[in-house]
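Structure record follows, encoded as structure tokens.
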């Protein structure tokens, strides 16, 4: 059978209502499997890759303190709760604050640090009036920008009309997502949660599923019952496993401290554990994804990967594996796709 992607004429134009449009361009499955992609770029190792995210929480729940803490960690390159960050410029739209209030918040930091990478905005246009142009212009001038936070999203969006709220929410997220997709940054949009509870915290985020489904992930900061200064941070992303962090707020330093991470997080990731066990008595290994998966399933039978998804998953885990001494690369030996593993016990 002829491959339609190589024989179809994609250069012709189609006529529709008096205007010319391009034909559909497809990629066949074999070509897609042969493509090489860069691994995910993480702003915070393991749980915050580049992309667009919502974080919801009740008023006065500590969302802004958490965003400030995250901003400082990225701006200084310091770890956040033992997760390594990528150092870069942070653009923080603190639209509910004044410079006086921000000054007081920064003054609560116990250990002085260089905050020259952390930049604040207290006034900005709405999305429909040019906010995206403003952000793109800023990143053009400061290409080391890694993190953009808009606190809160309600200051930059129009009030929903009430007629087509889902479509309006999804369109808003689609427009904002162009920033993270084209500039390879993490964009975090701060919003609120509803008063009524839900078994799934993501359902508590205000707005329709056009908001929660239109981005790359969702965070919810929820107060813990019976613990005055405690909260749970639930994270659900498209490209990472789900996380649940138990946090405790220190009113002196105005920071959230990590008490515990859930047992299903990557610390106990079965793929990572299986790879470490497999490589424990080896320094190097080379073979196909099918061969590697057979070896790993002999160690951890619960692995549900296929050979096609194994390489992609390992690429997403590149930072975690690297911290544990595992290096790997994908390549070809003849027409066969080969994975090469190199292991050294981290010092």
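Bear in mind these aren't lab numbers, they're just calculated from the coordinates by the rules spelled out. Predicted, not measured: the structure shown is a model, and the values here were computed from it. No Cβ is skipped: glycine too gets one built from the backbone with ideal geometry, and neighbour counts run over all protein chains shown.
Computed values, structure above
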| quantity | calculated |
| --- | --- |
| Distance histogram for segment 202-294 (every C-alpha pair counted, 5 angstrom bins, percent rounded to whole numbers) | 3, 11, 14, 15, 14, 13, 10, 8, 7, 5, 1 |
| Segment 269-343, relative contact order in percent, only Cα pairs under 8 angstrom and at least six apart counted | 39 |
| Cβ crowding within 10 Å averaged over residues, with 282-289, 216-223 ranked highest first | 216-223, 282-289 |
| Antiparallel content of DSSP bridges confined to segment 131-246, in %, to 5 | 70 |
| For the chain, radius of gyration divided by Kirkwood radius, i.e. Rg to Rh on alpha-carbons | 1.01 |
| Length-normalised contact order of the chain in % [C-alpha pairs under 8 Å, at least 6 apart] | 16 |
| Mean residue ellipticity (222 nm) of the chain, computed from DSSP H runs ≥ 4 via -39,500 (n - 2.57), nearest 500 | -8500 deg cm²/dmol |
| Beta bridge orientation in the chain: antiparallel %, DSSP, nearest 5 | 60 |
| Order of 340, 320 under a 10 Å beta carbon neighbour criterion, fewest first | 340, 320 |
| Sorted peptide list for 273-279, 145-151, 35-41, criterion being average Cβ within 10 angstrom, highest first | 145-151, 273-279, 35-41 |
| Net lengthening on full extension, residue 258/residue 111 (0.36 nm per residue, minus Cα-Cα) | 51.1 nm |
| Spacing of the two label points (7 Å from each Cα toward its C-beta) at residue 20 and residue 273, in nm | 6.0 |
| Theoretical gain in end-to-end length, residue 246 to residue 194 [0.36 nm per residue, Cα-Cα removed] | 16.7 nm |
| Whole-angstrom gap from segment 97-154 to segment 170-240, using each part's C-alpha centre | 19 |
| Segment 269-343: C-alpha gyration tensor shape, a/c 1.5 cut-off, then a/b vs b/c | rounded |
| Simple spin-label estimate for residue 104 and residue 297 in nanometres, 7 Å along Cα-Cβ | 6.0 |
| Highest average packing first - 253-261, 70-78, Cβ atoms within 10 Å | 70-78, 253-261 |
